[in-house]
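Notes to accompany the following structure.
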Amino acid sequence: VSALGKGLLEMREMGIVEPRPTAPCVHEGLLAFEYGRDRGRDAEGRGGRPMPRFSEVHVLDAANGKRLWSWSTDKDEALKGKASLSCPILTPEGLYTLAIANNDGARTATLLAFDRENGDGGPRWRRLLSSVPSGASPWNVFQRDPDAILAYSDGAVVVATNLGVVAAVDAASG
């Protein structure tokens, strides 16, 4: 059984994970993935798309599947019950994920940066990339799994969001 499989089985036994995580990212001995649980429909009741109750990032040891740390949007008042995290990426500088949230009538996209080895204390920095009034954009779609693409090149995290934004952000400083 793979390290991811061992880690997921262990976490499932603890009641943490249902078998629906995002695609994992592996880098230098670490394995990361996002997991979220649905709570219902969006505030406007549109699209029939579920909103997350919470969304989590988990980091495992890629060799043995042992959980090293995890972080949930429930730990952050700005994101609690409002946001879904994208599939994370791991780089030499850290772990990065995009939070797509419903905030006061707007859809926001915020890039979050975590320490690689111990990110459960929360993001070390965050960068708001977009805030779009609800219904103002054809890309203004909220889904449980944000349609976001994150990539890394030459010290920059490159992000393409489902809110119509493409950005390159310094990985070290945001």
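Okay, here's what the table says:
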item: Rounded FRET efficiency, nearest 0.05, which uses the C-beta distance separating Lys75 from Ser131 and R0 of 30 Å; result: 0.85
item: Under the Karplus curve 6.51 cos²θ - 1.76 cosθ + 1.60, θ = phi - 60°, whole-Hz ³J(HN,Hα) for region 60-77, x wherever Gly or Pro sits; result: 10, 6, 5, 7, 10, x, 5, 6, 8, 6, 8, 9, 10, 4, 5, 7, 10, 4
item: Accessible solvent surface per residue of region 64-115, calculated while the other protein chains remain in place, 1.4 angstrom probe, Å²; result: 31
item: FRET E, pair Asp104, Ala156, Förster distance 22 Å, beta-carbon r, rounded to 0.05; result: 0.15
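The values are calculated or read from the model by the stated rules, or taken from the named source; none is laboratory data. Quick caveat, the model's predicted, so the values are computed rather than measured. Neighbour counts are summed over all protein chains in view; Cβ atoms, including those assigned to glycine, are modelled from backbone coordinates with ideal geometry. Accessible surface is based on the protein model in full, side chains and every heavy atom, while ligands, DNA and RNA are left aside. Shrake-Rupley method; radii C 1.70, N 1.55, O 1.52, S 1.80 Å.
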